[in-house]
Each structure stands twice: as structure tokens, then as C-alpha cells.
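The values are calculated or read from the model by the stated rules, or taken from the named source; none is laboratory data. It should be emphasised that the depicted structure is a prediction, and the values quoted were computed from it without experimental measurement. Cβ: placed from backbone, ideal geometry, glycine included. Neighbour counts: every protein chain shown. Calculation scope for accessible area: heavy atoms of the full protein, side chains included, ligands and nucleic acids excluded. Shrake-Rupley method; radii C 1.70, N 1.55, O 1.52, S 1.80 Å.
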Amino acid sequence: ALFENLPEELKMENPSIASRPSPNLSAGIPEGRFRQFCEINRRISERAGLDEILERVMDAAIELSGAERGFLLLKEDGAKQGSLKGFRVKTARRLNREALEGEELKFSWTLVQGALRQGTPLLTDNAQADERFREARSVVQFQLKSVLVLPMELNGEPFGAIYLDHRFAPDCFAGQDLAMLSALAVQATLAIEKARLLEELKARGERLESRVKDQEQQLEELSGELSQARRRLKFGYEEIVGKSRPMLQVLEQLDHVAPTKIPVWIFGESGTGKELVARALHHNSPWKSKPFVSENCGAIPENLLESELFGYKRGAFTQADRDRVGLIQQADGGTLFLDEVADMSLGMQAKLLRVLQEGTVRPLGSNQPVKVELRLVTASNRDLEAMVREGKFRQDLFFRINGLTIRLPALRERREDIPVLAHHLIQKVAKEYRLKPSQLAQDALQWLMSRPWPGNVRELESVLRAALLFAGGRRIDRKMLEAQGLGGKGSAASAPLGSESTAERARLVELLRRHAYDKKKIAGELGLTLKSVYNMLEKSGLPTKTSLLKRAVEGE
């Protein structure tokens, strides 16, 4: 590009055009002047800051031309210099601010404007005798002799100009000097633009680094506040992330009830982390070394749920080819967590009530009751008290399971937890799915905090998982979230509650059938660990045990 913009006198050699003969230096520019030009070009091409490059260009123009004074101006939105709009003087020689704005250079701005409009150099050897400038009072009044304006272009658009003049010497700018100075203007344009781009990149990098530091500082402050607030608690609750007042109230409740065997009902919207709270109750209890057994009552048909909970003896029904210990018996001495207990039929409610009243469980097909002692934790996203009033849930069972109610706040009710929660989820998802961890840009964080999150923490995790997959380790910004359709029409962030989980469940069911319920083959196809597949099954409300899984899938 530089070669093509050089005047013909300076096109020494072009490797891409082998047939072009090298010109004879003696027929054009003297060798000494050409060496001077090359040395000047070397100086202005050396890497430096924009201000230093501008100074070097101005010095080079004065040195090559022998001009008495001059200035260099560049395009700048909203600027005005003299009568010229959209340009500003960046450096000058032997001209101060008053002179640049004064009467002496009034006509010079007209010359600069003409050169920029035409895109060609404007040269006069003696302005006093030039017919074009006869009516120019400033030329006559200030005895202006030689004037040269070198326009600078970039991508076919005006970029700036170098103005040179001499008030006392006519014929200051020789023809061969014009060729070199035109080449200098081309080289200066490239050097200035390069310096501009480098400074812009540096500034962007500094702004980005500043935002990163600000975000890291915010996370540190949030973590510090969280740690300080939690020091008052007896237990750690490492998996429950949050510092908001509603979440601290939940943790304070857990502190009081965890050491006891009082039954707990956890009430909250889907995706608020009810199972995390149930696990925290167990792991901070005196029987934490005992089993923690969980089941989603809404994910299994009623006939399967009964055999799952109570177990069965061989021959109890057609497919009972061996004895099986039920979940209630498996949880003996520990904690039994029944999620979505509101989906349990009235018949099943009566059978569960008998177990709680008698402290025994009777497997299907057996006449022998088995004594059990456990802590029962239940959860639902529907209000059991309202269901009792409507006759859809047994009042006596509700009294049995509701020793203490823990109400989990929706994510929209604790938005201040989103920054530290998002950071935690990104680290968790990256580790679980073997993805490169990323940071959240400030605009992405603000976007996340503005969302309604009908699916709560589970939906937030789904959004971050998708973003992390496509980020590839890059910083996640708002555009990246929106580019994946997150938060747009029909996206996960605005879809009906549970639609994303339904889609994932349907995909899992298809994979299970295709691979004959072989979880290792599914993990291989998805490029995940076996543990990740088990996690996906649990999140989709599917049992992990193959026999139950097959029965649940074939029943759909």
C-alpha cells in the first residue's frame, strides 16, 4: 500500500513487479537527499506514542522542506480550527495559539481546505506574485512568500494535512522536494494511524483491566461481607451461596434446626435450591455419617413410588424377581428427603402417615413391619397449607411433616446475591463439564441482575452453562449472552417455567433408549464424565438406578 502511494520518482523497486526497471537516482533526487529522506522515514516509523510520532513528522517536514514554520492537523469530530471544521492542529512550529487563530493565517485555512477537498498538494513559490491570491489581504499584509499544503488521506478519506510556509524566501519548495514531501505525507499517515490504533488498543486494555479489577474487588467485597455475616453461624453451608438478608435468615433457621430431628418442610419455587438446603440439614446434623436418601415424588408414577419408598419382597408383583429394600428403610438412622411431596396422591399420603405414626415400614408382599428411625425433610413448590384447605393434602400428614417451615426466597427477591452466585456457578459448571472458566463482563453482570429469573438458580445455571460453552475461555459480555438467544423471545430466560428442563429430559430419554440405558456410552457420546450424566438424570427428575430408570422411561 505504501509503495502504490509513492510518487513515481521514489518507486525504486517493487518485488511483485519484476519487469519494472529501477529508476536512475541521478535523473531524479540526489543520493544525499534520498538518504536523508530514508533516515527521516526510519525515525517516524519507529514505534512510539502518538504525540511523539506527531512531533517527529512535523520536525521531518521542516527539515526536508527548509520551511520557516508549519503545523500538522488531523481529523477530529466536533473540532474547529480557524475556519476549518472537523479538524484540529496537533503540533506546530514557530506558530502559537494566537497566531493559529489570528488574522495572519486567515487565508491559509482556505488553502488547507482547498487541498483537502481536492486531495492534491497545493504549492505556491511566491504568494505575493500569485494571481490566485491577489485579493487575499493576509497574504499581502504579512508578506507571505512560499506556501505548501500536503493533504493526508486514509482509505480515500481526508485524514489531515501538513501546512508549511516561509514569509521571506520565495521558491522555498523545489519540485524534487515536493515529491519527497508527498511521500513523507503518505508515510506519516500510516505511522500516525498505527500509533493511534496502538494507543486505542492500550486504552481499551487498560479500561478492560480496570473493569476486571473492579469486578474482582466487588467479588472480594461480597465474599468478605458473606464471610463476616456467616461467622455468626454455627455451621458453614459452603454449597449455599448468598449474603442477602433473606438467605441469612434461612441459614439462621438451619442453625437452630439442624442438630434436632424435628421434621422440616421446605417451601419455595422450582430452582431455588430446596435439595441443597435438605443436604445442609443432614450434613450439619449429629447423624451426618448416616445415609441421606432423596426422591422426587413428582418424577415417578404412583405405583412405582410406593415400591420405591417401601421396598418389596420377591414375588410381590410380576417384575419383583428379588427382595428390594425401600428408600425409607435405606434412610434408617439418617435423613429421608422427599421432594415435590405435594404431587403425592392422597392414598400415598395415608401410607406415609402410617409409617411416621408407627415408626415402622412394611415392604410390599411382606407381613413383617420393619422398625425405622429417621429425620424426614420434605419440599414442594406448592403451598401445602392452601392444599390442605382445598382438601388436596391431608391435614394430619401436614402436621407430621411440618415441624418447621423454611421458606426459600426466589432469586428475584435476592438480586444482590447474583454476582457472587454467578461466579460460583461458572466455576462449578466449568469443573463439572470440563469447560474453560470465564469471567463476566460488567454489562453481562448488570444484564443478569435485571432478569426476572422465573426458573431461579436452576435457570441462572442453565444460562451460564450455555454461555460458558460458547465463550471458550473468553470474557462473557452481554452481547455474547444475547447472541446465544439468552433473554430473547423464546429463550431460556423468558421461556415458561420448566421448559428448559423438559427439553433436557427429552434429550436424555432419547439417549437412554438409543444406548439401552448404558450411562457410560451416553457419557462417551456427550464427552462428559459418568458423574455428570448422573447429575443430569437427577436434575431432570429421573432415577439413577438402571432398573427404576428403565421403568420410568418406558412408562412415559
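Checking each residue in segment 316-339 for being open to solvent by 60 Å² or more (accessible area, probe 1.4 Å), more than 23 Å from LYS371 (Cβ to Cβ) and not polar (S, T, N, Q) picks out PHE317, ASP321. Residues that are free of Cβ contacts under 8 Å to residues at least 24 places away in the same chain, under 16 Å from GLU157 (Cα atoms) and not small (Gly, Ala, Ser) within segment 72-87 comprise GLU76, ASP77, LYS85, listed in sequence order. Scan segment 194-205 and give yes if some residue there is under 21 Å from ARG94 (Cβ atoms), at pLDDT below 90 and assigned to a helix (DSSP H, G or I), otherwise no. No. The condition of being modelled with pLDDT of 90 or more and either open to solvent by 40 Å² or more (accessible area, probe 1.4 Å) or assigned to a helix (DSSP H, G or I) (or both) holds for only one of GLU98, GLU153, that being GLU153.
In the condition set (1) assigned to a helix (DSSP H, G or I); (2) modelled with pLDDT of 80 or more; (3) open to solvent by less than 30 Å² (accessible area, probe 1.4 Å), TYR163 is compliant with all but (1).
The residues of segment 311-339 that are touching a strand residue (DSSP E or B) at 6+ places or on another chain (Cβ under 6 Å), under 16 Å from PRO543 (Cβ atoms) and part of a loop (DSSP other than H, G, I, E, B), listed by number, are GLY326, ALA331. Within segment 389-416, the only residue that satisfies the criterion of being within 30 Å of GLU459 (Cβ to Cβ), in contact with a strand residue (DSSP E or B) (Cβ under 7 Å, 6 or more places away or on another chain), assigned to a loop (DSSP other than H, G, I, E, B) and open to solvent by 20 Å² or more (accessible area, probe 1.4 Å) is ASN402. A search for C-beta distances below 7 Å between a residue of segment 511-523 that is more than 13 Å from LEU549 (Cα to Cα) and any residue that is among the hydroxyl-bearing types (Ser, Thr, Tyr) and not in a helix (DSSP H, G or I), counting only pairs 6+ apart in sequence or on different chains, returns ALA523/THR529.
Within segment 109-126, residues that are under 10 Å from PRO158 (Cα atoms) reach partners that are charged (D, E, K, R) with beta carbons closer than 8 Å, at six or more positions or on different chains, in the pairs GLY119/GLU153.
Within segment 340-388, if we keep just the residues that are in a helix (DSSP H, G or I) and of a type in the set (Lys, Arg), the residue that is surrounded by the most Cβ atoms within 10 Å (Cβ to Cβ) turns out to be LYS351. Residues in segment 270-299 that are of a type in the set (D, E, K, R) and open to solvent by 30 Å² or more (accessible area, probe 1.4 Å): 4 in all.
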